[in-house]
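J.: Mind looking over this structure? Questions follow.
The values are calculated or read from the model by the stated rules, or taken from the named source; none is laboratory data. The model shown is predicted, which means the values in this text are computed figures rather than measured ones. Note: ideal-geometry Cβ built from the backbone for every residue, glycine included; neighbour counts use all protein chains shown.
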């Protein structure tokens, strides 16, 4: 295991910490995303700040991803971003259902919130290449070995 030790370096840290954990072998989740009568999968963007929370289910991870896309896009016009379009296409190809984002009534955070110093949590899964992005998001959402941990430094 590689260890990185820094000495005499000024560092800042947000009080929250988000990370992707990888445990176990590759296997598709037995949990599925469920569509409504209109054949849509409803996504509820979340408030991902201090935690503690562990996102294991496909619906939870999908919510985090959609919220991250909105946060990276300045919380505006989520459905018009290329990353949301690719995510929606991947979900449709995988499940046969389209995404429907249930916006919050919060005028500042209608698409939820990801702590400002944790918006890069998914950067290793992000890509400007459509196929790579779709494959990475499918793995992250539907593969049981991936889960997202949200924590803070108050423990």
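Residues checked against (1) on the phi > 0 side of the Ramachandran plot; (2) without any contact (Cβ under 8 Å) to a residue 24 or more places away in the chain:
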{"position": "74", "(1), (2)": "yes, yes"}
{"position": "84", "(1), (2)": "no, yes"}
{"position": "88", "(1), (2)": "no, yes"}
{"position": "92", "(1), (2)": "no, yes"}
{"position": "98", "(1), (2)": "no, no"}
{"position": "101", "(1), (2)": "no, no"}
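J.: Might you check whether a residue that is without any contact (Cβ under 8 Å) to a residue 24 or more places away in the chain, surrounded by 16 or more Cβ atoms within 10 Å (Cβ to Cβ) and either at positive phi or out of contact with any helix residue (DSSP H, G or I) (no Cβ under 9 Å at 6 or more places or on another chain) (or both) occurs anywhere in the range 38-53?
T.: Among the residues of the range 38-53, not one is without any contact (Cβ under 8 Å) to a residue 24 or more places away in the chain, surrounded by 16 or more Cβ atoms within 10 Å (Cβ to Cβ) and either at positive phi or out of contact with any helix residue (DSSP H, G or I) (no Cβ under 9 Å at 6 or more places or on another chain) (or both), which makes the answer no.
J.: Filter the range 57-115 down to the residues that are at pLDDT 90 or above, in contact with a strand residue (DSSP E or B) (Cβ under 6 Å, 6 or more places away or on another chain) and in a loop (DSSP other than H, G, I, E, B), then identify the one that is surrounded by the fewest Cβ atoms within 10 Å (Cβ to Cβ).
T.: Here the answer is 102.
J.: I'd like the full set of residues that are in contact with a strand residue (DSSP E or B) (Cβ under 7 Å, 6 or more places away or on another chain) and either surrounded by 17 or more Cβ atoms within 10 Å (Cβ to Cβ) or outside any loop (DSSP other than H, G, I, E, B) (or both), limited to the range 140-155.
T.: Within the range 140-155, 140, 142, 143, 146, 147, 148, 149, 150, 151, 152 meet the criteria.
J.: Let me ask something additional. With the checklist (1) without any contact (Cβ under 8 Å) to a residue 12 or more places away in the chain; (2) outside any helix (DSSP H, G or I); (3) touching a strand residue (DSSP E or B) at 6+ places or on another chain (Cβ under 6 Å) in hand, flag the one item residue 128 doesn't pass.
T.: (3)
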